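Engineer: First, the structure itself, so that you have it in front of you.
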Amino acid sequence: ETGVTQTPRHLVMGMTNKKSLKCEQHLGHNAMYWYKQSAKKPLELMFVYNFKEQTENNSVPSRFSPECPNSSHLFLHLHTLQPEDSALYLCASSQDRGSSGPIKNIQYFGAGTRLSVL
Amino acid sequence: AQSVTQPDIHITVSEGASLELRCNYSYGATPYLFWYVQSPGQGLQLLLKYFSGDTLVQGIKGFEAEFKRSQSSFNLRKPSVHWSDAAEYFCAVGSWRGSTLGRLYFGRGTQLTVWP
C-alpha cells in the first residue's frame, strides 16, 4: 500500500462515453501527477499539479481534462477517447519542498487504472 | 535534455543467480536517480534512490545500485534473485528547476524473467 489510491482499477468505455478516473493520496503531499503507460513506450507524463495549480501539461489532447480540487484528490475526465488511448493510467504524488535548493522528487504511485477504449 | 537509457529490454536469469540491470542517463547537472519496480497489474514501487554522498545505495528487497558519474550510469544489482523479483524495472532521473517542482524522466524499462 503506497498511500495513493486509484479508482476504478479497470475501465472499459466506448468512444462516445464520458468517464472519470479518480486518484486520492493519503500522504500529505502537495503535488500530484498523471502518467500514461502504453505497451512498449516509456512512461509519459501528462499533467502536474502543485498546490492545486496545474504546472505542466505535456501537449495532452483536450479529450483528457484534469481536475485537482485539493491537494489530496486528482481527477482525469475522459470524453470522446480513441482506441489508441487504451493504456494504464498512473497517478503519483510527491512533496514539493518549495526551497531554493534541489527538489528531491520522490514520487509515490498508485496501482493505476487499466483503460480500454472500444 | 535529460534522458534515461535502459539498454536491455528483457533479461532472463535463473533463481539464485546474480542480477545487474543497466541504466545510463544524460543530465547536465547533479542527477537524482531512482529505481522503481512494477509487478504485473500494479503501480510503480520505489526500490532505491540516490541524491548525494555514498555512491553505493541500498534499497528494499535486497537490491543495491551504484552511481558512477564517469560512466553516467546507475546500475541495479542483486546478489541472488528470487522468483518473486520477476517484474519490470524502471530507472529514472529527477530534474531540478530552481525552486519549482522537478520532474522525473523514466527509461523504457527492463522486463525481468526468473527461471526456477
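Engineer: Scan (1) at pLDDT 95 or above; (2) surrounded by 13 or more Cβ atoms within 10 Å (Cβ to Cβ); (3) closer than 23 Å to residue B:88 by Cα; (4) of a type outside the set (Asp, Glu) for the single condition residue A:10 breaks and write down its number.
Structural biologist: The single condition residue A:10 does not satisfy is (2).
Engineer: In contact (Cβ under 8 Å) with a residue 60 or more places away in the chain and within 12 Å of chain A (Cβ to nearest Cβ): does that describe residue B:45?
Structural biologist: Answer is no for this residue.
Engineer: Okay, moving on. Going by what's in this entry, would residue B:91 be described as more than 24 Å from residue A:29 (Cβ to Cβ) and within 14 Å of chain A (Cβ to nearest Cβ)?
Structural biologist: So residue B:91 does not fit the description; no.
Engineer: A follow-up question, please. Whether any residue in segment A:60-71 is of a type in the set (Lys, Arg) and either within 12 Å of the chain's Cα centre (by Cα) or more than 8 Å from every other protein chain (Cβ to nearest Cβ) (or both) is what I want to check.
Structural biologist: Scanning segment A:60-71, I find at least one residue that is of a type in the set (Lys, Arg) and either within 12 Å of the chain's Cα centre (by Cα) or more than 8 Å from every other protein chain (Cβ to nearest Cβ) (or both), so the answer is yes.
Engineer: Still on this structure: In segment B:17-38, which residues are surrounded by 13 or more Cβ atoms within 10 Å (Cβ to Cβ), outside any strand (DSSP E or B) and either modelled with pLDDT of 95 or more or touching a His at 6+ places or on another chain (Cβ under 6 Å) (or both)?
Structural biologist: Scanning segment B:17-38 gives B:17, B:22, B:23.
Engineer: Write out, first by first residue and then by second, each pair whose Cβ atoms fall under 7 Å of each other, whose residues are 6+ apart or on separate chains, and whose first residue, in segment B:15-39, is within 17 Å of residue B:73 (Cβ to Cβ) while the second is of a type in the set (Asp, Glu).
Structural biologist: B:21/B:8; B:22/B:8
Engineer: Now for a different question. Take residue A:38 and decide whether it is more than 14 Å from chain B (Cβ to nearest Cβ) and not charged (D, E, K, R).
Structural biologist: Judged against the criteria, residue A:38 is not a match.
Engineer: Next question. Report, by residue number, each residue of segment B:39-66 that is assigned to a strand (DSSP E or B) and among the acidic types (Asp, Glu).
Structural biologist: B:64, B:66
Engineer: How many residues are on the phi < 0 side of the Ramachandran plot and surrounded by fewer than 20 Cβ atoms within 10 Å (Cβ to Cβ) if we restrict to segment B:58-77?
Structural biologist: 12
Engineer: Being at pLDDT 90 or above, away from every other protein chain (no Cβ under 12 Å) and surrounded by 14 or more Cβ atoms within 10 Å (Cβ to Cβ) is the requirement here; does residue A:26 meet it?
Structural biologist: No.
Engineer: If the requirement is being of a type in the set (Lys, Arg) and within 19 Å of residue B:115 (Cβ to Cβ), which of these qualifies: B:61, B:68?
Structural biologist: B:61
Engineer: Also, I was wondering about something else. Only strands (runs of 3 or more DSSP E) wholly contained in segment A:1-108 count here; list those with 2 or more residues that are within 21 Å of residue B:47 (Cβ to Cβ) and touching a residue at least 12 places away in the same chain (Cβ under 8 Å).
Structural biologist: A:4-7, A:31-37, A:87-94
Engineer: Then there is this: Residues of segment B:1-16 being surrounded by fewer than 19 Cβ atoms within 10 Å (Cβ to Cβ) and assigned to a loop (DSSP other than H, G, I, E, B), which ones?
Structural biologist: B:1, B:2, B:7, B:8, B:9, B:15, B:16
Engineer: Further question on the same structure: Determine whether residue B:104 is touching a residue at least 12 places away in the same chain (Cβ under 8 Å), under 11 Å from the mean Cα position of the chain (by Cα), on the phi < 0 side of the Ramachandran plot and within 14 Å of chain A (Cβ to nearest Cβ).
Structural biologist: When the stated conditions are applied, residue B:104 does not pass them.
The values are calculated or read from the model by the stated rules, or taken from the named source; none is laboratory data. In this text the structure is predicted, and so the values were computed from the model without any measurement. Glycine also receives a Cβ, built like all others from the backbone with ideal geometry; neighbour counts cover every protein chain displayed.
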